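Structure first, commentary second.
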Amino acid sequence: MRVAGFGFRRGAGLASLDNALDRLCRRYGPVDRLAAVQSMLPLVQALGERHGIPVMGVAEHELPQAATLTRSRHSLAARGTGSVAEAVALLAAGPAATLLGPRLISTDRQATAALATG
């Protein structure tokens, strides 16, 4: 299963997530599922509905368990992980999941997306 995990700023809109997903799919191909932490789920669910892709939720307290490629100081301070998008993708894809690469950032810098396979 190929899971796209998302992280984004409070002010991000659907267009930001759409752009991040588009960039991810252009680089790695189609995805099977979208994922986000519970607090960010509504916007990702809207994205899933727009594209006909199922959405999964991840518990925020699990984020620090995932070994991410990116080490954002802001993300570490706010959420206890180097990259919310990478951690979400890994956790949603399952225990043996691997990232296909580091997170990608939307052109407006409001959203990030990462792809993991499990």
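At pLDDT 95 or above, assigned to a helix (DSSP H, G or I) and within 15 Å of Ala92 (Cβ to Cβ): does that describe Gly7?
For Gly7, the condition - at pLDDT 95 or above, assigned to a helix (DSSP H, G or I) and within 15 Å of Ala92 (Cβ to Cβ) - is not met.
Looking at the stretch 10-19, is at least one residue modelled with pLDDT under 95, open to solvent by 10 Å² or more (accessible area, probe 1.4 Å), over 18 Å from Thr117 (Cα atoms) and not in a helix (DSSP H, G or I)?
Yes, some residue in the stretch 10-19 is modelled with pLDDT under 95, open to solvent by 10 Å² or more (accessible area, probe 1.4 Å), over 18 Å from Thr117 (Cα atoms) and not in a helix (DSSP H, G or I).
Can you tell me which of Gly82, Gly52, Gly29 is open to solvent by 50 Å² or more (accessible area, probe 1.4 Å) and more than 12 Å from the chain's Cα centre (by Cα)?
Gly52
For the stretch 57-72, how many residues are in contact with a strand residue (DSSP E or B) (Cβ under 8 Å, 6 or more places away or on another chain), under 15 Å from Ala113 (Cα atoms) and open to solvent by 50 Å² or more (accessible area, probe 1.4 Å)?
Qualifying residue count for the region: 1.
Find all pairs meeting these conditions: Cβ atoms under 6 angstrom apart; at least six residues apart or on different chains; first residue within the stretch 13-26 and in contact (Cβ under 8 Å) with a residue 12 or more places away in the chain; second residue assigned to a helix (DSSP H, G or I) and surrounded by fewer than 18 Cβ atoms within 10 Å (Cβ to Cβ).
That search, which allows pairs on different chains as well, returns Leu14/Ala46.
Results for (1) within 13 Å of Arg2 (Cα to Cα); (2) at pLDDT 95 or above; (3) buried (at least 19 other Cβ atoms within 10 Å of the Cβ), shown as yes or no for each residue.
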| position | (1), (2), (3) |
| --- | --- |
| His74 | no, no, no |
| Pro95 | no, no, no |
| Ser106 | no, yes, yes |
| Ala113 | yes, yes, yes |
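Which of the residues belonging to the stretch 40-69 are in contact (Cβ under 8 Å) with a residue 12 or more places away in the chain and of a type in the set (Gly, Ala, Ser)?
Hits for the stretch 40-69 are Ala46, Gly48, Gly57, Ala59, Ala66, Ala67.
The values are calculated or read from the model by the stated rules, or taken from the named source; none is laboratory data. These numbers were taken from a predicted model, which means no experiment stands behind them. Counting neighbours? That spans all protein chains shown, and the Cβs are built from the backbone with ideal geometry, glycine included. SASA here: full protein model, heavy atoms, side chains in, ligands and nucleic acids out. Shrake-Rupley method; radii C 1.70, N 1.55, O 1.52, S 1.80 Å.
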